[in-house]
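The structure appears right after this line, and notes come after that.
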Amino acid sequence: MSRILSEEEIDRVIEMAWEDRTPFDAIEAQFGLAEGEVIRLMRREMKTSSFRMWRERVQGRKTKHNITQKADRFKSGMQRQISHNKISKR
């Protein structure tokens, strides 16, 4: 891996990797991890069966490999819970 990630960052990378619409380019832009590094992290951090299921889901998935929107903004559906943001979405 190119840098050491905190436990929270590892959790966030895993969450982003599981999301269908988050491309690997977005993970690389935010955390500096290339696709191969994300795969190694997922293999290391997940149970074997969960890793296999994830690999089957993302292999060949266009949304994971092509960026369809700008890679400078990332927002999960859980972002409000994570950041405890009091301002509602408009």
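Every number in this text was worked out from the coordinates using simple rules, so none of it is lab data. A quick note: this is a predicted structure, and the numbers were derived from the prediction, not measured. Here the Cβ is made from the backbone with ideal geometry for all residues, glycine too, and neighbour counts use every protein chain on show.
With 0.36 nm allotted per residue and the present C-alpha distance subtracted, the residue 6-residue 40 stretch has 10.6 nm of extension available.
Taking packing as the residue-averaged number of other Cβ atoms within 10 angstrom, the listed peptides 28-41, 45-58 run from highest to lowest as 28-41, 45-58. Charge tally around residue 37: other residues with Cβ under 10 Å, Lys/Arg +1 each, Asp/Glu -1 each, net 0. Fully extending the segment from residue 15 to residue 52, taken as 0.36 nm per residue of separation minus the present Cα-Cα distance, adds 11.7 nm. Amide hydrogen proximity for residue 33: with H placed 1.01 Å from N in the peptide plane, the residues at 5 or more positions away or on another chain lying under 5 Å are 28. Taking θ as phi - 60° and the Karplus parameters 6.51, -1.76 and 1.60, the scalar couplings of region 4-18 work out to 8, 9, 6, 4, 5, 5, 4, 4, 5, 4, 4, 4, 5, 5, 6 Hz in sequence order, x denoting glycine and proline.
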